[in-house]
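Everything on this sheet refers to the single structure shown next.
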Amino acid sequence: MVSEYILELSIYLKTYSYAHEPGKLLVYSTARGAIVKLDSSVLADARDQKLSDQEQALLAKIGVLVPDRLAEQEQMRTLFEEGNRRSRQFTALVTMNLDCNLACGYCYEDHFRGKRYMTPETADLLVQYVSAQIERGLDVTLDFYGGEALLSLTMMKDIAARVRHKASEAGTQASFNLVSNATLLTREVAQELKELGFVSVRFTIDGPPDVHNLQRPFVSGKGSFDRIIENLDQTCDITRFELATSTLAKLKNILQENSKNTIKPHKHCILEKAFLHCSNL
Ligand code: SF4
């Protein structure tokens, strides 16, 4: 029986097709962190408001349906504002550019790629905004990102130096992380960044050289594996590396198996050394 009391689909839903069972969808409520497998017809009925009370109650329990989408949005905004108000920490992801020296086939920024760099005016506005957070007594962490953030090294160092200076005047902490493809991370760069308060570098390896080079070549088409390994060798006593779980697992496999013996012994040692410097092992 169709209900007279109609609930609406949450605005915080993501749906994915489920290859193992055609006709089913995985529905993820980002607001609740709940995931459920549904017939696509159930979702269509929910959209067309044709579900029974019992069906609606079940879906409401896991946040797929809500009484009022606007109220839900307002609730979420309040939650974030309250979290930010209580936090003693200000964290921001800073996109330095949308340019890159690699041409990974799966690059999700592909459509936006180009010679697009943060302008000095935007950098000033950023420092101004972060300084205001420092004046509120907050510790700040900036994660620098791209494209390839190291293509904007001069500006990135300038931002970090100004923020660090402001924090030291105010008696708060400023720290920085770098997300990079690691091809430009020379020893000299790593040393400079460390002195400015950079605490970690996140990078990616996609597998052994044949796999990685295919997926993450330079723009010229040349593989990037060897350059990354050289840079790890040069910087792993200075830099703390952080790896995504998937990269960590791949690196572990490369080290354990090296099944095709595609990595020369000295490079294997370098990888091992870098692996041991990963802070999130
Ligand atoms: S390193 Fe990152 S930004 Fe550069 S091409 Fe690869 S995925 Fe895109």
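Nothing in this text is a laboratory measurement; each read-out follows from the coordinates by a stated rule. The model shown is predicted, which means the values in this text are computed figures rather than measured ones. Heads up, the Cβs are rebuilt from the backbone with ideal geometry, glycines too, and the neighbour counts pull from every protein chain shown.
For the stretch 152-237, the average shadow cast by the Cα convex hull is 6.1 nm², which is a quarter of the hull's surface. Contact order for the chain, expressed relative to its length and based on alpha carbon pairs under 8 Å spaced 6+ residues apart, stands at 13 percent. Helices in the chain, meaning DSSP H runs of at least 4 residues, each add -39500 (n - 2.57). Divided by all residues, the mean residue ellipticity at 222 nm is -13500 deg cm²/dmol. One decimal place: the segment SER40-GLU135 gains 29.1 nm when fully extended, by the rule 0.36 nm per residue minus the C-alpha distance. Relative protection proxy for 215-222, 228-235, 39-46, from highest mean packing down: 228-235, 39-46, 215-222 (other beta-carbon atoms within 10 angstrom). Return the whole-Å distance between the Cα centroid of the stretch 24-54 and the Cα centroid of the stretch 101-160. Taking the Cα centre of each part, the stretch 24-54 and the stretch 101-160 sit 38 Å apart.
Summarising the overall dimensions of the stretch 8-73 from its C-alpha atoms, the Rg and Dmax are 11.3, 36 angstrom. Could you run the Debye sum over the Cα atoms of the chain, one equal point scatterer each and no solvent, and tell me log10 of I(q)/I(0) at q = 0.10, 0.13, 0.16, 0.17 Å⁻¹, two decimals? Computed log10 I(q)/I(0) values: -0.75, -1.03, -1.17, -1.22.
Going 7 Å from the Cα of THR119 toward and past its Cβ, which residues in the stretch 149-182 have a backbone nitrogen under 16 Å from where you end up? None, by backbone N distance to the label point.
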